[in-house]
């Protein structure tokens, strides 16, 4: 049996202790996510308001069944704040993208997941997320009115993350001196209902899954990463999920968030690299590591694009949905075959 790629540590409780981030990969969620308590600035410490302005925060959930892939997000970069719901019809290939640009103060993101509420509620566009890890779940509701180009949509979902049985990946990873990113991710069973143009679409727990993606970070003025996530059902392992990222974290051999879940159990993976053609993103993407533990081919079906070039914000976002094939190896060298698992990738750039 090979050694783990990095240790999984007991949670220290707080994300920041005595002005310093607690770095590492942890067994449990933090009781307090307190990045504003970090000491930055040396002889002239940054005021709390400035630290809050530089802190990027979001909650993102993917909700998937055999018919639809729903990507839902509340994103607050402080210079840019967005609420988004994207519906991809896996059978027809059509995509509905709902977005509300708003003031940063209109998006609320909690400081803990045990009993916290994330929300954005404006006329005709609302998203509400209750993170209730103490109860073993996240509940999500959204409702968006019809527009000239898009039909009305609403949904109500439960993501099951029972901490007695679930093993999320909880990380605090270094970006530069005493600046770090926190992330909580998990691929989990879900159930709920999507209503599109008055038609109900049921997400059954036996054939649906969700991705929990919660994040806070002190990024450089230029943020960039490549990311992949997917899920599927395997006769031997039940629900299988994966999370792979190549980002701005220092020393990715010691610090990363790459992993696979087998029926709720976490298995860590090494650093990876993404290879794809920026001039033709519909060509297959290759995701590999140096030791033969990750070898995946991602085939895009549709690509969601966001481009903003404003006075203080520039973003280039490419988010293709599609399928993954290939194989992964756990630290015990168990081979997991990935056979057309459905998910998404990101090629992300934000200057703010």
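Just so you know, all these numbers are worked out from the coordinates, no wet-lab data involved. Predicted model only: the values in this text are computed from it and were never measured. FYI the Cβ positions are ideal-geometry reconstructions off the backbone, even for glycines, and counts take in every protein chain you see.
Computed from the C-beta positions of residue 221 and residue 327, the FRET efficiency with R₀ = 41 Å rounds to 0.60.
Taking a ≥ b ≥ c as the square roots of the Cα gyration tensor eigenvalues, with a/c under 1.5 meaning rounded and otherwise prolate when a/b beats b/c, else oblate, which class fits segment 249-309? It comes out prolate by the Cα gyration axes. Cα centroid separation, segment 10-69 to segment 233-302: 23 Å.
Decide, for segment 19-102, between rounded, prolate and oblate: order the square roots of the alpha carbon gyration tensor eigenvalues as a ≥ b ≥ c, take rounded if a/c falls under 1.5, and otherwise choose prolate if a/b is larger than b/c, else oblate. Note, shape of segment 19-102 comes out oblate. Fewest neighbouring Cβ atoms within 10 Å first, the residues 96, 138 line up as 96, 138.
Return the FRET efficiency for the residue pair residue 66, residue 150: r is the Cβ-Cβ distance, R0 is 25 Å, and the value is rounded to the nearest 0.05. The calculated FRET efficiency here is 0.65.
Entry note, the chain: the mean residue ellipticity at 222 nm calculated from DSSP H runs of n ≥ 4, each adding -39500 (n - 2.57), is -500 deg cm²/dmol after division by the residues and rounding to the nearest 500. As a length-normalised measure over Cα pairs under 8 Å and 6 or more apart, the relative contact order of segment 121-263 settles at 17 percent. The value of relative contact order for the chain, using C-alpha pairs under 8 Å at least six residues apart, is 13 percent.
Legend: translational diffusion of segment 8-351 by Stokes-Einstein, Rh = Kirkwood radius over C-alpha pairs, 20 °C, 1.002 mPa s; D = 105 µm²/s. Convex hull volume of the Cα atoms of segment 218-294, normalised per residue: 125 Å³.
Each of residue 37 and residue 339 was given a label point 7 Å from its Cα along the Cα-to-Cβ line. The distance between the two points is 4.9 nm. Shown is the FRET efficiency for residue 11 and residue 207, computed with R0 = 30 Å from the Cβ-Cβ distance and rounded to the nearest 0.05: 0.40. Packing, as the average of other Cβ atoms within 10 Å across residues, places the peptides 202-212, 231-241 in the order 202-212, 231-241, highest first. Taking a ≥ b ≥ c as the square roots of the eigenvalues of the Cα gyration tensor of segment 304-352, is the shape rounded (a/c under 1.5), prolate (a/b larger than b/c) or oblate? It comes out oblate by the Cα gyration axes.
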